[in-house]
Amino acid sequence: MPLLPNSFPAARLLVFLLRLVVVVVALGVASLLRAEMDATLPPPVEAPIDPDAWLEEIADTLAIHYRTEGEWSLELVRDYTPPAEAIIEVTEMPPKPASQMMLRLQVHALDGTSTHQTVFVRAKIWRDAWIAREPLTREANIDEHMLELRRVDILRQRDLVPVDTPLADLMMSRSLPADRFLSWRDVSRRPLVRKGQMIEVAAVDGTLAITMKALALQDGLAGELVRVRNTESRREFAAVVTAQGQAEVHF
């Protein structure tokens with residue numbers, strides 16, 4: 001049945017309302033997708049009037065995102081100055097920190113415009129590290145008086161021994177000249193039991209424990225199994241290293 005002339009406004013209104021509903025739903029889905037993507041990115045920072053201060057805020061944002069210890073500093077490879085007091089979002093960054101990084105930014109200016117920018121930065125993470133005050137020889141025990149603290153960029157000096165590591169647990173695995181940073185390549189865990197050392201072994205059976213002297217046939221760290229020899233019976237067996245010069249065997 002054809003529509004009467006006075007029915008056209010109602011039909012047009014219905015079509016308009018249907019289109020409006022589709023647009024609203026589409027905008028809602030887009031907003032949800034955008035929210036999920038933003039949840040994995042660092043929060044935006046506001047670029048102050050100072051052209052260099054915004055880069056410091058980006059550095060703080062990256063430190064939080066990567067959960068690193070130390071003081072970040074960034075330097076632009078090529079000059080770039082965002083609009084004054086713009087809101088800057090870091091939308092893409094490398095999976096882990098590096099000495100040179102590419103960052104993708106979304107810059108929201110105060111006039112309502114939004115632009116995408118790509119900047120290349122040189123990154124540094126400054127942290128205290130141990131450096132040899134004097135030459136250190138292989139198999140030497142390490143003491144704090146042999147070392148001193150110095151600020152270092154850990155993105156260029158990697159694998160360094162953290163300053164909160166108990167030095168008493170370490171020994172030199174190779175010689176290290178003076179004025180060189182102490183890295184994990186230079187050290188090893190100091191054995192609590194040394195090959196050829198007479199140690200105390202506790203033989204435990206339930207609540208009963210008998211202590212004997214035994215000869216260690218190999219080096220051992222805490223919790224490791226080592227071969228030992230009973231000096232009286234000459235019998236060899238395995239024992240678990242428990243402390244300096246001590247091991248334990250269970251029956």
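The values are calculated or read from the model by the stated rules, or taken from the named source; none is laboratory data. Note that the structure is a prediction, hence the values are computed from the model and not measured. Methodologically, a virtual Cβ is constructed for each residue, glycine included, from the backbone with ideal geometry; neighbour enumeration extends over all protein chains shown.
Before moving on, here are some points about what is shown:
- Subset of segment 61-75 [within 15 Å of M93 (Cα to Cα) and loosely packed, with under 15 Cβ neighbours inside 10 Å]: I64, R67
- Residues that are touching a Gly at 6+ places or on another chain (Cβ under 7 Å) and buried (at least 18 other Cβ atoms within 10 Å of the Cβ), drawn from segment 87-126: I125
- Checking each residue in segment 66-87 for being closer than 13 Å to V121 by Cβ and either under 22 Å from the mean Cα position of the chain (by Cα) or not in a loop (DSSP other than H, G, I, E, B) (or both) picks out W72, S73, L74, E75, L76.
- Restricting attention to segment 166-213, the residues being in a strand (DSSP E or B), of a type in the set (G, A, S) and surrounded by 14 or more Cβ atoms within 10 Å (Cβ to Cβ) number 4.
- Residue that is modelled with pLDDT under 95, assigned by TED's automatic domain parsing to the domain that holds L182 and not polar (S, T, N, Q), where the choices are E56, E134: E134
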